[in-house]
Structures are given as C-alpha cells and as structure tokens.
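Notes for the one structure printed next.
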Amino acid sequence: MSATRFNAITEVESYWDAIRAGRLVPRRSDIDPRGIERALEFAFILERVAPGIARLRIAGSHLSDMMGMEVRGMPLSAFITPAGRETMSTVLEQVFDSPARATIDLHSDSAIGKPAIDARLVLLPMKSDLGDISRALGCFATYGDIGRAPRRFDITSHSATPLLGDFMPNAQAPLTQDRNPDTSGERRRTERPFPTIPQQIAAATGNVTRLRPGPRPYLSVVDTSDD
C-alpha cells in the first residue's frame, strides 16, 4: 500500500513527533487542532477504558461518514470485522502498555453499494492530564469511495514499534561486560544487570512514582462533556 495515498497519515505522525519534543510521549493537552488542520477530518483521539478497549472521544467527519452516524463514544473496534477485533485489542494494549506507535493496514470488500476500499490507521500514544498513558492521537485514512455506510474493515497487516528504544540507544548491549583481563588468560566478568523496563521508562520520563507495581484498573469513569 503506497504511503503517498495517505498524506493525512504523514501529517498527523509528523505533528505528533513535533509536539513530543524528545519526550517518551506528548500530553493530550499539547494537541492544538490548528497543527493538523489539513488532516482534521481523518484524525481522532482515543481514550483507553479497559484492557484492549478504547473509545473515540473526538473524531473527524470522515470516521462518521464511514459509519453513517456520529461515532464519538464508540469503541474503535466498531470499524473492524469480528474476525479482526482480537488483533485490534492486542495492538491497543501494545500502544498503551509499551508504549508503542502502531500502523494498521485495512481492507473492506465490495458489496452492493459498497466498492472495495483500502485504509490505513495509525495510533500514537499520549498522556492524559493525570499523567497516565491512556490517550492516543490517531488518523484513519481511506483510499476509494466509501459508498453505502457502515463500512467495516479486515486487518491485512499491522505493526507496533515500542517508543522506549528511542531513549535506550544501547538497548542491545550485552547483560555483562568483560573488565580487567586476568594475566592467566582468563577474563573476569563483572555483572552489570540490564535495567528493567520500568527502570528504563523511569529514566526516560523522570517519573518513578507511576511505575510502582500494582493492579491495573479495569475501568475509568470520565466526563466527556469538556473534550
């Protein structure tokens, strides 16, 4: 699938990288719609509400056109055929837990009044105002006529790239280092434990308190009237 078909995707990804400004992820409050003005109809903001489930808090008109109704408050999985929803759930968990940026390629078969269309979806994690990574900036662009709504898509390919690697350039270094070679020809090995994932995230974000282990909440109650 040619990336040139999806200029809105490129614009949203570039904007997210810019407001990220060297941090692990940007904050939801950093978003200014004027920064993605040409891609607004394809853009959306997700809120994680349970493991593997995220709903649309804000969505551009293109998403409503694909469903033939207002989509705010709907789960993102509503755009996916039942066969692909488990995969979508897995990708969402990677986006919020790793955290990771994800790209999903989609296809909707032709039917009466519904021409075949290709689509690409990107998910870019963000922090909420509370500081947890439970929001995502997304873009859902299609190539071809929508036809009769609603349209649902099969997942044809997907990838998720953990963001932590951006802050750990030596992430592939060995777990131990050779130091002080012995004159007998044997080398002593000094153990240097590799930082755990929470330690790496703490080093990247400077936020240790949110990395203490504990049960993950299964549901967040939010007020959507102000967003």
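Tell me, in nm to one decimal, what length is gained between residue 107 and residue 18 on full extension, where the rule is 0.36 nm per residue of separation less the Cα-Cα distance?
On the way: separation 89, 0.36 × 89 = 32.04 nm, distance 2.98 nm.
Result for the pair: 29.1 nm of gain on full extension.
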Each label point is 7 Å from the Cα along the Cα-to-Cβ direction; what then is the distance between the points at residue 157 and residue 86, in nm?
2.3
Across the range 67-123, what fraction of all alpha-carbon pairs, as a whole percent, falls in each successive 10 Å bin from zero upward?
19, 48, 28, 5, 0
Radius ratio Rg over Rh of the range 1-141, counting only Cα atoms, Kirkwood formula for Rh:
0.95
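So with the 1.4 Å probe, I'd like the accessible area per residue for the range 1-112, rounded to whole Å².
Details: 4980 Å² over 112 residues.
For the range 1-112, the solvent-accessible area averages 44 Å² per residue.
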Taking the Cα centre as origin and putting +1 on Lys and Arg beta-carbons and -1 on Asp and Glu beta-carbons, what dipole magnitude results for the range 68-131, to the nearest 20 debye?
120
Once you put a point 7 Å from the Cα of residue 7 and another 7 Å from the Cα of residue 65, both along the Cβ direction, what distance in nm separates them?
1.5
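The values are calculated or read from the model by the stated rules, or taken from the named source; none is laboratory data. Here the structure is a predicted model, which means the values were calculated and not measured. Quick reminder, even Gly has a Cβ in these numbers, built from the backbone with ideal geometry, and neighbours come from all protein chains shown. Keep in mind that these areas ignore ligands, DNA and RNA; they rest on the heavy atoms of the full protein, side chains included. Shrake-Rupley method; radii C 1.70, N 1.55, O 1.52, S 1.80 Å.
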